[in-house]
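Below: the structure, in structure tokens.
The values are calculated or read from the model by the stated rules, or taken from the named source; none is laboratory data. Since we're looking at a predicted model, the values are computed, not measured. Methodologically, a virtual Cβ is constructed for each residue, glycine included, from the backbone with ideal geometry; neighbour enumeration extends over all protein chains shown. Ligands, DNA and RNA are stripped out before the accessible areas are found, and what is left, the full protein with its side chains, is counted by its heavy atoms. Shrake-Rupley method; radii C 1.70, N 1.55, O 1.52, S 1.80 Å.
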There are 2 protein chains.
Amino acid sequence: MELLEGIYTRRSVRQFTGQPVEREQLLEIIKAGTWAPSGLNNQPWRFAIVQDAAVRDNLAKLTKYHFVIEGAPACIAVFVDRRVMYHDVKDHQAIGACIQNMLLAAHALGLGSVWLGEILKNAEGVRTQLGLPEHLELMAVVALGHPAAKSHPSTRKGLADVLIKEF
Amino acid sequence: MELLEGIYTRRSVRQFTGQPVEREQLLEIIKAGTWAPSGLNNQPWRFAIVQDAAVRDNLAKLTKYHFVIEGAPACIAVFVDRRVMYHDVKDHQAIGACIQNMLLAAHALGLGSVWLGEILKNAEGVRTQLGLPEHLELMAVVALGHPAAKSHPSTRKGLADVLIKEF
């Protein structure tokens, strides 16, 4: 898949077939995430893969979008390691860049994915559910699978609405 | 350029030839940025293009990496519109996803770019220098141009260091 085409055709996918995702693909998606840039190259991202149905169902209880996690054969929970953070805004931006790489990589591999942020209201619940230490703070859950349906169309503001000034 | 290849071969480029960047390419890079996902699809990103040498030199004075901005034929300052923000962490992540799309798009177009974050210490100075309203907060400056040299090698932690757990 061509890079710009991938950026423009990626959509959030919330419905998946029952087909599992290959572990190799999940590792490729995480690897793509790690090639994002980060301030001072501190690489603050950490990941947990969840394919086990029981663990997934417990995660699902922590978001109002439970049906997405219940129906996704794989989830990757993305954390920030507070011990290596140096600047809240820049570290959160780096995590966003990392997640964008993951979504694009999934798309390039023919998978669908969606970035779940609402679950952050239960960030501590997710962390304890997964038995992870306190220095890991949940940043998002990415749900993944083989798309079950055509993705919905999406829209963006036009350039005139976002390009404020030119010098 | 293939998408995964682009993710893995993108590097920060800090030295540029004198060749200007086509305005069409800058608009394509901004458009790619806008196709990042954002929470509630609030699209909080706003942009200012700086090619004018005098304006660029004034910007350069606001960062210790002045030589990068002085030598870059184009800069795109990325702002967040505080009026449409709804969640600091998620909005900053969305900005990071947007910037990552921009860096990847530049790479796909054969340009080099670097994400400048240190200049955030003078965010207000950049905003007033560009004559922009208070609701726009600087998130980063992306410096762009035609690469003058081979990019430096970069490294990342291995998967074993970032993949904390699998279920």
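Filter the GluC sites (Glu not before Pro) in the stretch B:61-167 down to the DSSP loop ones having no more than 16 other Cβ atoms within 10 Å, then list what survives.
Answer in residue order: B:Glu134.
With heavy atoms of protein chains only and a 1.4 Å probe, what residues of the stretch A:121-135 have at least 30 Å² less accessible area in the full set of chains than alone?
A:Leu130, A:Leu132
How far, in nm to one decimal, is A:Pro20 from itself in the other copies if the label point is set 7 angstrom along Cα toward Cβ? Shortest first, please.
Reported distances to equivalent positions: 5.7 nm.
If you draw the axis that swings chain B onto chain A, which residue of B has its Cβ closest to it, and how far is that in whole Å?
Its Cβ sits closest to the axis: B:Gly96, 1.
Roughly how many Å is it from the Cα centre of the stretch B:20-72 to that of the stretch A:89-109, as a whole number?
19 Å
Between A:Asp81, A:Asp52, A:Asp91, where does the largest GNM mean-square fluctuation fall for chain A, given springs only between Cα atoms within less than 10 Å?
Ranking A:Asp81, A:Asp52, A:Asp91 by mean-square fluctuation puts A:Asp52 first.
Please report, ordered by residue number, every helix of chain A (full DSSP H runs) that is 15 Å or longer along its axis going by C-alpha atoms and whose mean Kyte-Doolittle hydropathy reaches -1.0.
The answer, listed by residue number, is A:23-34, A:88-108.
Where the only charges are on Cβ atoms (+1 Lys, Arg; -1 Asp, Glu), what is the dipole of the stretch A:17-167 about its Cα centre, to the nearest 20 debye?
220 debye
Run through the stretch B:80-131 and list the trypsin sites (Lys or Arg not before Pro) located in a DSSP loop whose Cβ has at most 15 other Cβ atoms within 10 Å. Don't skip to the answer; put the middle values down first.
On the way: sites: B:Arg82, B:Arg83, B:Lys90, B:Lys121, B:Arg127; in loops: none.
Answer in residue order: no site qualifies.
Starting from a label point 7 Å past Cα on the Cβ side, list the distances from A:Glu70 to the same position in the other copies, nm, shortest first.
Taking the point 7 Å beyond Cα along Cα→Cβ, the inter-copy spacings are 6.2 nm.
What does the charge count around A:Phe167 come to, taking other residues whose C-beta lies under 10 Å from its C-beta (Lys +1, Arg +1, Asp -1, Glu -1)?
Here the charged neighbours net out to 0.
Apply the a/c threshold of 1.5 to the C-alpha gyration tensor of the protein assembly as shown and tell me whether it is rounded, prolate or oblate.
It is prolate, given that a/c is not under 1.5 and a/b is the larger ratio.
Which of the residues in the stretch B:86-101 lose at least 30 Å² of accessible area when you go from the chain alone to all protein chains together (probe 1.4 Å)?
SASA drop of 30 Å² or more in the stretch B:86-101: B:Val89, B:Lys90, B:His92, B:Gln93, B:Ala97, B:Gln100, B:Asn101.
In square angstrom, rounded to the nearest 10, how much accessible surface does A:His135 have for a 1.4 Å probe?
My reading of the accessible area for A:His135 is about 50 Å².
Could you please state how large a percent of the accessible area of the protein assembly as shown is carbon and sulfur, counting protein chains only and using a 1.4 Å probe? Don't skip to the end; give the middle numbers.
Values: 6710 of 13410 Å².
In the protein assembly as shown, the share of accessible area belonging to carbon and sulfur is 50 percent.
Taking a ≥ b ≥ c as the square roots of the eigenvalues of the Cα gyration tensor of the stretch B:1-111, is the shape rounded (a/c under 1.5), prolate (a/b larger than b/c) or oblate?
On the way: a/c = 1.96, a/b = 1.26, b/c = 1.55.
Verdict is oblate for the stretch B:1-111.
Which parts of the stretch A:137-167, residue by residue, lose 50 Å² or more of accessible area when the rest of the protein chains are there, as against the chain isolated (1.4 Å probe)?
A:Arg156, A:Lys157, A:Leu159, A:Val162, A:Leu163, A:Ile164, A:Lys165, A:Glu166, A:Phe167
For B:Tyr86, what accessible area in Å² do you get when you roll a 1.4 Å probe over the heavy atoms of the protein chains, rounding to the nearest 10?
90 Å²
Kindly give the distances from B:Pro153 to its copy-mates, label point to label point, with each label point 7 Å from Cα along Cα→Cβ, as nm values to one decimal ordered shortest first.
Shortest to longest, the spacings are 4.9 nm.
Which residue, A:Gly158, A:Ala143, A:Gln93, has the largest displacement toward the positive end of the dipole of the stretch A:82-167 when charges sit on each Cβ (Lys, Arg +1; Asp, Glu -1)?
Farthest towards the positive pole: A:Gly158.
How many Å² of accessible area per residue for the stretch B:1-128, probe 1.4 Å?
Result: 37 Å² of accessible area for each residue.
For a 21 Å ceiling on Cα separation, which of these pairs sit above it: A:Lys64/A:Lys121; B:Lys31/B:Lys121; B:Lys64/B:Lys157; A:Lys64/B:Lys90; B:Lys64/B:Lys121; A:Lys31/A:Lys121?
The answer is B:Lys31/B:Lys121; B:Lys64/B:Lys157; A:Lys31/A:Lys121.
Sort the following peptides by mean Cβ neighbour count (other Cβ atoms within 10 Å, averaged over residues), highest first: A:72-80, B:19-27. Walk me through the numbers on the way to the answer.
Numbers: A:72-80: 24.3, B:19-27: 15.0.
So the order, starting with the most tightly packed, is A:72-80, B:19-27.
For the pair B and A, how large is the buried accessible area, both sides, in square angstrom to the nearest 100, if the probe is 1.4 Å?
6200 Å²
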